[in-house]
Amino acid sequence: MYETLKVDPPENHVQVVTLNRPEILNTINTRMGIELRSFFREFDHAQEPDVRVVILAGAGDRSFCAGADLKERKGMDETTWRRQHVIFEEAFEAIWRFPVPVIAAVNGVAYGGGCEMALACDMIVAAEEARFAQPESKRGIIPGGGGTQRLPRRIGIARAKELIFTGEPIDAPTALQWGLVNRVVPLDKLMDEAKALAAAVAASGPIAVRQAKRAIDGGIDISLETGLSFEIQAYNVAMASEDRHEGINAFNEKRPPEFKNR
């Protein structure tokens, strides 16, 4: 169904989606933007109720995503550029709004829109060779896929300004120190580590995880009082689930829970 994505069948509640343009560093062209938007916006949770985590990866060893395909943009008029950018905006927003957690497995460069795509995910696991950058200022523009908003929320205003104003990259250890990524591992262990993290998330109550994600993302930019009210709404949804009864019963019976996602 996809030209630029490789979508694996779900396995143990985890689905892997791979950006599949390794010959040009998995850069985002219009087709990839459309396909990302389609997968994350139109994913049918009724048809795939057992998908509890998605891993977003990049094909090859060199790049997660090097940003927009500038060869496609060469000579592009302003109207076409704006229309394409709206597709990219909607794709990143669909990743951000995806109801189940998304883990970015960053194997190499994550520059420009690639960095913003990783930022739209809930967690990032990076290879030791990974590099992160927002180099748009070097091209006379600014990040337009959430970088000016999600990056400072992730690493703080001063460090985000440094990355965005200079356009210079940082390596994976620095990204870990700054709080941009969750874990850094050798390249040959990257997918194993991402899948291990995904498995740990998938082992938790799926309704609880979805509601926790909803409460965290929805409450980050509102007052504490309003956020606490929002949290209780999400809590009550989880409390009313069959999974809540299973979790309590499993604890008392000293066995692993068997969550049914209902």
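The values are calculated or read from the model by the stated rules, or taken from the named source; none is laboratory data. Keep in mind the model is a prediction, meaning the values are calculated, not measured. So basically every Cβ, Gly included, is an ideal-geometry build from the backbone, and we count neighbours across all protein chains shown.
The table below lists the values:
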read-out	value
Any hit, the range 82-93, residues being crowded, with 19+ Cβ neighbours inside 10 Å and assigned to a loop (DSSP other than H, G, I, E, B)	no
Some residue of the range 8-31 being surrounded by 13 or more Cβ atoms within 10 Å (Cβ to Cβ), modelled with pLDDT of 95 or more and of a type in the set (K, R)	yes
Tally, over the range 120-135, of residues that are surrounded by fewer than 21 Cβ atoms within 10 Å (Cβ to Cβ) and among the hydrophobic types (A, V, I, L, M, F, W, C)	1
Test: residue in the range 140-156 that is in contact with a strand residue (DSSP E or B) (Cβ under 8 Å, 6 or more places away or on another chain) and over 15 Å from A66 (Cβ atoms)	no
Boolean, R255 is of a type outside the set (G, A, S) and not in a helix (DSSP H, G or I)	yes
Those residues of the range 234-246 which are free of Cβ contacts under 8 Å to residues at least 12 places away in the same chain and under 21 Å from D122 (Cα atoms), in sequence order	none
Pair list, Cβ under 7 Å, 6 or more apart: the range 114-130 residue touching a residue at least 12 places away in the same chain (Cβ under 8 Å) and under 15 Å from G60 (Cα atoms), other residue crowded, with 22+ Cβ neighbours inside 10 Å and of a type in the set (S, T, N, Q)	A127/N107; A130/N107
Matching entry among I170, I157, I142 (being in contact (Cβ under 8 Å) with a residue 24 or more places away in the chain and among the β-branched types (V, I, T))	I170
Answer residue from the range 246-262, given it is over 25 Å from the mean Cα position of the chain (by Cα) and loosely packed, with under 12 Cβ neighbours inside 10 Å and is nearest to E93 (Cα to Cα) among those	E258
Filter pass, D77 being surrounded by fewer than 14 Cβ atoms within 10 Å (Cβ to Cβ) and either in the same structural domain as P143 (by TED's automatic domain parsing) or farther than 20 Å from A104 by Cα (or both)	yes
Some residue of the range 177-198 being basic (K, R), at pLDDT below 95 and touching a helix residue (DSSP H, G or I) at 6+ places or on another chain (Cβ under 9 Å)	no
Close pairs (7 angstrom Cβ cut-off, 6 or more residues apart or separate chains): more than 9 Å from A234 (Cβ to Cβ) in the range 205-221, among the hydroxyl-bearing types (S, T, Y) anywhere	I207/S241
When residues of the range 40-74 are limited to those that are assigned to a helix (DSSP H, G or I) and modelled with pLDDT under 95, the one surrounded by the fewest Cβ atoms within 10 Å (Cβ to Cβ)	E42
Residue in the range 82-96 that is in contact (Cβ under 8 Å) with a residue 12 or more places away in the chain, within 25 Å of A130 (Cα to Cα) and of a type in the set (V, I, T) present	yes
Residue within the range 187-206 that is surrounded by fewer than 17 Cβ atoms within 10 Å (Cβ to Cβ) and within 16 Å of A110 (Cα to Cα) present	yes
